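To start, the structure under review is shown below, and the notes come after it.
The values are calculated or read from the model by the stated rules, or taken from the named source; none is laboratory data. Values in this document were obtained by computation on a predicted structure and should not be read as measured data. Methodologically, a virtual Cβ is constructed for each residue, glycine included, from the backbone with ideal geometry; neighbour enumeration extends over all protein chains shown.
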Amino acid sequence: GENVEQHPSTLSVQEGDSAVIKCTYSDSASNYFPWYKQELGKGPQLIIDIRSNVGEKKDQRIAVTLNKTAKHFSLHITETQPEDSAVYFCAASDTRGSQGNLIFGKGTKLSVKP
Amino acid sequence: EAGVAQSPRYKIIEKRQSVAFWCNPISGHATLYWYQQILGQGPKLLIQFQNNGVVDDSQLPKDRFSAERLKGVDSTLKIQPAKLEDSAVYLCASSRSGNGELFFGEGSRLTVL
């Protein structure tokens with residue numbers, strides 16, 4: 001089955017700096033790669049996703065890149081702000097079937113210092 | 001649009017007792033998921049429903065966990081008897097189909113003593 005590895009487990013940056021979180025996956029059939037942000041005491045919330053027919057996707061200060069050959073994808077946050085502090089999870093799934101079961105990484109705790 | 005509702009938010013029980021969690025998904029969402037999130041880890045799928053039918057329950061410990069989704073709307077997840085290792089946050093999520101964005105509730109935190 002699919003296995004998703006996420007690094008680093010913790011990341012501390014100064015406000016205004018960039019943050020990069022990396023994930024690798026094992027199942028070459030996976031074709032959907034979302035990123036979720038989880039604030040303390042809340043459920044995860046989708047911030048950006050990418051499908052296997054696209055190499056990069058941007059939404060304002062966040063971007064995701066995908067390298068299908070190497071089976072890794074990354075989240076990039078530019079001009080970080082204190083409100084970006086949270087736990088970020090990458091995930092992967094094969095959506096061609098009816099299940100679409102997301103396999104999550106273990107998370108990265110991002111701290112943005114003012 | 002109202003989000004995914006879950007209750008209770010917190011529950012503390014002794015081992016071997018039983019507990020039930022309730023979830024009301026976003027209106028119109030056919031797919032409903034229950035995830036278990038142990039402290040410091042990512043969510044792990046327990047069971048997925050499409051309307052009121054089970055799509056995937058391969059990771060549900062069926063000797064102690066059960067779930068149902070009557071009438072294809074609300075769902076309950078039950079644990080009986082609970083073990084110490086069941087201490088976790090139980091997240092309910094829903095999606096319009098089985099292949100897109102998941103919308104999560106705030107979760108039900110279970111502590112088993």
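Counting residues that are of a type outside the set (S, T, N, Q) and within 13 Å of chain B (Cβ to nearest Cβ), which strands (runs of 3 or more DSSP E) fully inside the range A:36-114 reach at least 3?
A:45-51, A:86-92
Taking the condition polar (S, T, N, Q), more than 11 Å from chain B (Cβ to nearest Cβ) and out of contact with any helix residue (DSSP H, G or I) (no Cβ under 6 Å at 6 or more places or on another chain), does residue A:31 pass?
no
Out of (1) more than 9 Å from every other protein chain (Cβ to nearest Cβ); (2) surrounded by 18 or more Cβ atoms within 10 Å (Cβ to Cβ), what's the single condition that is false for residue B:43?
(1)
Quick one: count up the residues across the range B:15-31 that are within 14 Å of the chain's Cα centre (by Cα) and modelled with pLDDT of 95 or more.
7
Please specify each residue of the range B:64-97 satisfying the condition of being part of a strand (DSSP E or B) and of a type outside the set (A, V, I, L, M).
Hits for the range B:64-97 are B:65, B:66, B:68, B:75, B:76, B:78, B:90, B:92, B:94, B:95.
Read through the list (1) touching a residue at least 60 places away in the same chain (Cβ under 8 Å); (2) in a helix (DSSP H, G or I), then give the number of the only condition that residue B:109 fails.
Condition (2) is where residue B:109 drops out.
Taking the condition touching an Asp or Glu at 6+ places or on another chain (Cβ under 7 Å) and buried (at least 17 other Cβ atoms within 10 Å of the Cβ), does residue B:36 pass?
So residue B:36 does not fit the description; no.
Among the residues in the range B:71-83, are any within 11 Å of chain A (Cβ to nearest Cβ) and either among the aromatic types (Phe, Trp, Tyr) or surrounded by 14 or more Cβ atoms within 10 Å (Cβ to Cβ) (or both)?
no
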